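Just so you know, all these numbers are worked out from the coordinates, no wet-lab data involved. In this text, all values refer to a predicted model and were calculated from it rather than measured experimentally. Quick reminder, even Gly has a Cβ in these numbers, built from the backbone with ideal geometry, and neighbours come from all protein chains shown.
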């Protein structure tokens, strides 16, 4: 759901003609969009040595703390090593950026002089370079890509769409972002896994496989689920050891073995319902509320329409608190399965 974007290092410094109030408005709008649906991609191997970091450090005293707050909280990702931090209108630069990000943010001068945007154009999509969008710094919130993703944040997941389309449009960028810990809070995820027909992958198994395939580093997954009636009535009886065996089986089929551990926390169904009724997946500070939980990934296509809502940053602590409350239940049982 996140939009990978780069910010031209030379464009970070505020326009000399802007008032301090205008500078704040423009930068706050960029940071707000970034917090909601963006993933900043920086130049070089280390952010501390990057050109964009040097530009941020040189910002006026009233702007620098705003950036620092976001940088301390949100994940950022390294870009191609051959990219120098500047967005240039040449084939080599655009090919590299087009393969790595969706949006390149530049100041007005670069937008109009280098990329020939008209005075009334807020953005331009370069079809020859993967559809890379060149967007004015002062119009990030109105850019085509960010606007489209914002619109998707509250849309239902429609029955019939393939799991691959669902993953590509809503989860892939999150899986690729440098976020190590992922939580699945879905009281039915374990029972639905065991009830899933043999010719299908369950939502849980599909999610774990897709996450492993996309992750660019080690990932640690925690699953909160419940001893539902269906699970309790299965024969032979399902125990924590049975669940661990099944998770290990899933782990043996992972394509890249980037998921290093799955922790499963099982809670009595009635207690789970008292704490939290909704189902969600949390990637760090980013949350997908899912009406039918990760069952959306069961089988080759979504079986039934599901409510879905994407949230980030300020709302994340309330979801983390749900996980803490579930963990602290006296009857919660936990098992860790290294993969």
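The modelled label-to-label distance for the pair residue 169/residue 66, using points 7 Å beyond Cα in the direction of Cβ, is 3.3 nm. Taking Cα pairs under 8 Å and at least six residues apart, what relative contact order does segment 155-338 come out at, in percent? Relative CO of segment 155-338 lands at 33 percent.
When the Gaussian network model of the chain links Cα atoms closer than 10 Å, the mean-square fluctuations of 64, 308, 21 top out at 21.
Residues 265, 294, arranged from fewest to most other Cβ atoms within 10 angstrom of their Cβ, appear as 265, 294.
Rounded to the nearest 0.05, the FRET efficiency derived from the C-beta distance between residue 213 and residue 15 at R0 = 41 Å is 0.45.
For a quick check: sort 311, 180 by the number of other beta carbons within 10 angstrom, fewest at the front. Before the final figure, lay out the partial values.
Values: 311 19, 180 14.
Ranking 311, 180 by Cβ neighbours within 10 Å, fewest first, gives 180, 311.
Sorting the segments 199-211, 236-248, 40-52 by their residues' average number of neighbouring beta-carbon atoms within 10 angstrom, most packed first, yields 199-211, 40-52, 236-248. For segment 234-339, report the % of Cα-Cα distances exceeding 19 Å. Taking all Cα-Cα pairs of segment 234-339, the fraction more than 19 Å apart is 60 percent. Summarising the label geometry, the points placed 7 Å from Cα in the beta-carbon direction at residue 240 and residue 257 lie 2.7 nm from one another. The shape of segment 155-338 can be summarised by an equivalent ellipsoid whose semi-axes, obtained from the alpha carbon gyration tensor, come to 22, 19, 18 Å from longest to shortest. Distance between the pseudo-spin-label points of residue 320 and residue 89 (7 Å out from Cα toward the beta carbon): 4.4 nm. Computed over segment 201-293, the quotient of the alpha carbon radius of gyration and 2.2 N^0.38 Å is 1.15. Cβ-Cβ distance of residue 82 and residue 57, R₀ of 41 Å, FRET efficiency by 1/(1 + (r/R0)^6): the value works out to about 0.95. Computing Rg and the Kirkwood Rh from the Cα coordinates of segment 3-150 gives a ratio, Rg/Rh, of 0.92. Kirkwood's formula applied to the C-alpha pairs of the chain gives a hydrodynamic radius of 21.6 angstrom. Counting only the backbone N, which residues of segment 56-71 are under 13 Å from the spot 7 Å out from the Cα of residue 35 toward its beta-carbon? In segment 56-71, the label zone of residue 35 (backbone N under 13 Å from the point 7 Å along Cα→Cβ) covers 66-71.
Counting neighbouring Cβ atoms within 10 Å and putting the fewest first, the residues 267, 292 line up as 292, 267. Relative contact order, percent, of segment 3-150 when contacts are C-alpha pairs under 8 Å separated by at least 6 residues? In percent, rounded to a whole number, it is 30.
Full extension of the chain between residue 229 and residue 248 gives 4.4 nm of extra length, using 0.36 nm per residue less the Cα-Cα distance. Let a ≥ b ≥ c be the square roots of the eigenvalues of the Cα gyration tensor of segment 136-247; is it rounded (a/c under 1.5), or, if not, prolate (a/b larger than b/c) or oblate? It comes out prolate by the Cα gyration axes.
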